[in-house]
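The values are calculated or read from the model by the stated rules, or taken from the named source; none is laboratory data. Note that the structure is a prediction, hence the values are computed from the model and not measured. Note: ideal-geometry Cβ built from the backbone for every residue, glycine included; neighbour counts use all protein chains shown. The area values use the complete protein model at the heavy-atom level, side chains included, leaving out ligands, DNA and RNA. Shrake-Rupley method; radii C 1.70, N 1.55, O 1.52, S 1.80 Å.
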Amino acid sequence: MSATSAGPVAAVDTACAHCGLPVPEGRLPRDESRAFCCTGCDTAWQVLHAAGLEHYYELSRRRERAVEASGLTFDEFDHVAFRERYVRTRRDGLEETDLYLEGVHCPSCVWLVERIPTALPGMASAELDLARGRVRVAWDPEQTPLSAVARFLDTLGYRPHPFRGGRADERRRKEDRAMLVRIGVSGALAANTMLAALALYSGWFSGMEQDWARYFRIVSLLLVTPALFGPGAVFLRGAWGAWRARMLHMDVPIAIALMAAYVRGVVNTFTDHGPVYFDGVAMLVFLLLVGRFLQQRAARSAADSAELLYGLSPANARVRDADGVRDVPSEALLPGMEVEVRSGETVPADGVVIEGTSALDASWLTGESRPRSVAPGDAVHAGTVCRGATLVLRIERSGEDTRLAHILREVERGTSRRAPVVRVADRLAARFVVVVLALAVLTWVGWHFVAPADAFDHAIALLIITCPCALALATPLAVTVAIGRAARSGVLVKGGDTLESLAVPGTLVLDKTGTLTEGRPALLVWTGDEALRGAVLALERHATHPVALAFAEAWPGVEAAEAEDVRVELGAGVSGRVQGRLVRVGSPAWIARHTSRTAPNVGAEPSDALTPVWVAIDDTVVAHAGFGDRIRPEAAATLARLRAEGWRLQLLSGDEPRVVQATGRELGFAPEDVHGGVGPEDKRIAIESLSRKGRVVMVGDGVNDAAAIAVATVGVGVSGGAEACLAAADVYLSRPGIAALAALTQGARRTLATIRNGLGLSLVWNVAGAGLAMAGLVNPLVAAVAMPLSSVCVVVLAWRARTFTPEGA
């Protein structure tokens, strides 16, 4: 949006025809025609009507933010290197790729994006995943290039970026589809096998001719065989692999029970003697596949989010050489190249400034709440954002060698760590398998001396009734239900190990900027005449610095005066004439060079914890302003509740130590628990050190927090944070602020209790079943019928547990 459109003065009754926001005074039309808050919205309105998509404005919920088209050409999307990495050719000759879109937030965005093919010739389809902001586009390269598709999306306010994890995501989608096919096939076969078994069970009570009994046995055999050796083959292969690797896991008793029941059923089918167990086998395959799918999805959630990590770095860069400036993919950058970075763009590589003076927003990378001024000779890092004039950089490190890439590698190493709950489950499974197999052998040996004809049936009954289906389902079911309810409460949790770790108080480390504070400058102190505010706004409406926006937000009802001869001096301030007098607003050093005295009614300067801004008229300082990062209103109450639960709280921030100490004092932190000026690498080291002493929860929102979040026992990302931080986090708070933290710890305790109850119930069931089978009180048929009941009990227990509630979150 232009600086003019960001001004504080707007006609209250005039709304933008595209986004509905107030239209600034300077953009009000002189006639009764439609008004737009910015050029971007005007262009988007024209494009939609020209394409016949005006129905967008009839949707009940649509975009409520101004369109900020970047104006980029996206020519790099047509580059050979880009095509080789991101573009796929389909069998029908169309090309396909996945793009990450900025600004998608509601169903109207889905409606609009998916109808772009009707307005853009050559574009075949667009499928938008709202939750991830990813759109899959297909187009005919003979009719339109991908850059044209990208420009069209950008015109509507959805700036596209390459989706860096597209190929891995496609592999996972294929694996998930294959698993769903297995579940569907096994479910259909199990249902039909149960119908045939029902007919056999009925014959036990009312009698059945031998021919009909043999018919239903054969039908059951024909149904269970493809179920076992088709979808159920995953367990047989798993058991065979475990046997070859000399390792025991849950697939071993499952495979033995399935094969033993199947073989005995086949023998009984053709000898017309004894029961068949085909219904139990088929249902067991179906239930186990469902449980495995739930576990697989839980494990994949972190990997899916981690693919967004590399979206922080830009897809392209402007390289300057003897032929001028050209766009190239960021992957093609090499040390020694010179690149241009314009206002609002992200630095593509580490380097040194060789031309230009500007301000860099490094808050996502370092945690500094204030933009940092840079000049020729200063080092800059990939991932920071230019907030001022254009810079020219000489690249020193690119690609995998940048500081950002190093941090992201630390994130990936942290997210790949093995969960404690998985290690415990593996140990439990190995012991369980050994015990079950030993008991089955003992049962067969014991009954061989008592009743040899029944020994095999009793051993099979033990394997079936002690099948670890309920044991395998207890944790994923409880976690899945809890995670679903947490999501409805605005808390997104990636796995059961996260909930387990949050259930017991430990050390909770919080970032400051954007986590405990709002993450943007706010006017906190003003000492001067109130009548000066209109003159200040008259100048600041022409600037794009965060301080200018903070002035406008602090005084929404103040009418700006008219200013002439306005000049913006980067890194210093803004000056201009208001009502014939020279007014300056800027840094104390800059103002001091142009003034000689201070008005007597001006109060003391703001504290050192605030950023000072002076206001001068002619040669006199007439006002002082202090800007700081405002503490979130719910922070104090949430921290007090966490302390009452037994958590030890620490504040770890990359911001200036004196600012961090001031924030810590206001929120009740002990001085020794407050640390400022801590960089991303030092944060990671600090969290690793604390983790060696016990459980550590790290809460943050920036890239500077991502590596620390990844190595913490539990990482929590706050709404509005950097994607690298959110991808590394185990928990994402979708609502702004930290109010949901206390509800998260409470829900975790309830979830862990549900998991323990489910595991305890399944173990008690297995112990009781094993005892009955060894005593000869349960035959294989009864075991096959009773076995699923333990799974049903675990499901009901997980479903009825009160873990997360909307009121509590």
Among the residues of the stretch 504-521, which ones are open to solvent by 10 Å² or more (accessible area, probe 1.4 Å) and at pLDDT 85 or above? Val504, Pro505, Gly506, Thr507
Would you say Pro231 is modelled with pLDDT of 85 or more, over 25 Å from Asp457 (Cα atoms) and either open to solvent by 40 Å² or more (accessible area, probe 1.4 Å) or not in a helix (DSSP H, G or I) (or both)? yes
Do we find that Val285 is surrounded by 18 or more Cβ atoms within 10 Å (Cβ to Cβ), free of Cβ contacts under 8 Å to residues at least 40 places away in the same chain and assigned to a helix (DSSP H, G or I) in this structure? no
Looking at the stretch 626-634, can you tell me whether even one residue there is in contact with a Leu (Cβ under 8 Å, 6 or more places away or on another chain), farther than 20 Å from Thr513 by Cβ and either polar (S, T, N, Q) or open to solvent by 70 Å² or more (accessible area, probe 1.4 Å) (or both)? no
All but one of (1) over 22 Å from Gly519 (Cα atoms); (2) at pLDDT 90 or above hold for Phe669; which doesn't? (1)
Among (1) farther than 30 Å from Val622 by Cβ; (2) at pLDDT 85 or above; (3) open to solvent by 40 Å² or more (accessible area, probe 1.4 Å); (4) among the β-branched types (Val, Ile, Thr), the one test that Thr480 misses: (2)
Given the conditions (1) part of a loop (DSSP other than H, G, I, E, B); (2) over 27 Å from Glu562 (Cα atoms); (3) modelled with pLDDT of 75 or more, report the number of the one that Thr97 does not fulfil. (1)
Taking the stated definitions as given, is Ser575 buried (at least 18 other Cβ atoms within 10 Å of the Cβ), small (Gly, Ala, Ser), modelled with pLDDT of 85 or more and not in a loop (DSSP other than H, G, I, E, B)? yes
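A quick yes/no check of all residues on (1) over 29 Å from Asp730 (Cα atoms); (2) open to solvent by 50 Å² or more (accessible area, probe 1.4 Å); (3) not in a loop (DSSP other than H, G, I, E, B):
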site	(1), (2), (3)
Pro600	yes, yes, no
Pro612	yes, no, yes
Ala640	no, yes, yes
Gly664	no, no, yes
Glu688	no, yes, yes
Restricting to the stretch 536-562, name every residue that is among the charged types (D, E, K, R), open to solvent by 20 Å² or more (accessible area, probe 1.4 Å) and within 22 Å of Arg581 (Cβ to Cβ). Arg541, Glu559, Glu562
Considering residues of the stretch 146-165 that are farther than 18 Å from Val47 by Cβ and of a type outside the set (Lys, Arg) only, the residue modelled with the highest pLDDT: Leu146
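Residue-wise test of (1) at pLDDT 80 or above; (2) open to solvent by 50 Å² or more (accessible area, probe 1.4 Å).
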residue	(1), (2)
Ser363	no, no
Arg370	no, yes
Pro376	yes, yes
His381	yes, no
Cys386	yes, no
Pro420	no, yes
Does the stretch 514-555 hold any residues that are assigned to a helix (DSSP H, G or I) and among the basic types (Lys, Arg), and which are they? Arg533
Specify the residue that is most open to solvent (accessible area, probe 1.4 Å); the eligible residues are those in the stretch 642-662 that are of a type in the set (A, V, I, L, M) and over 20 Å from Val718 (Cβ atoms). Ala644
Exactly one condition in (1) open to solvent by less than 10 Å² (accessible area, probe 1.4 Å); (2) in a loop (DSSP other than H, G, I, E, B) is false for Leu499; which is it? (2)
Do we find that Arg593 is of a type outside the set (A, V, I, L, M, F, W, C), part of a helix (DSSP H, G or I) and free of Cβ contacts under 8 Å to residues at least 24 places away in the same chain in this structure? yes
How many residues, within the stretch 288-328, are assigned to a helix (DSSP H, G or I) and either at pLDDT 80 or above or not aliphatic (A, V, I, L, M) (or both)? 13
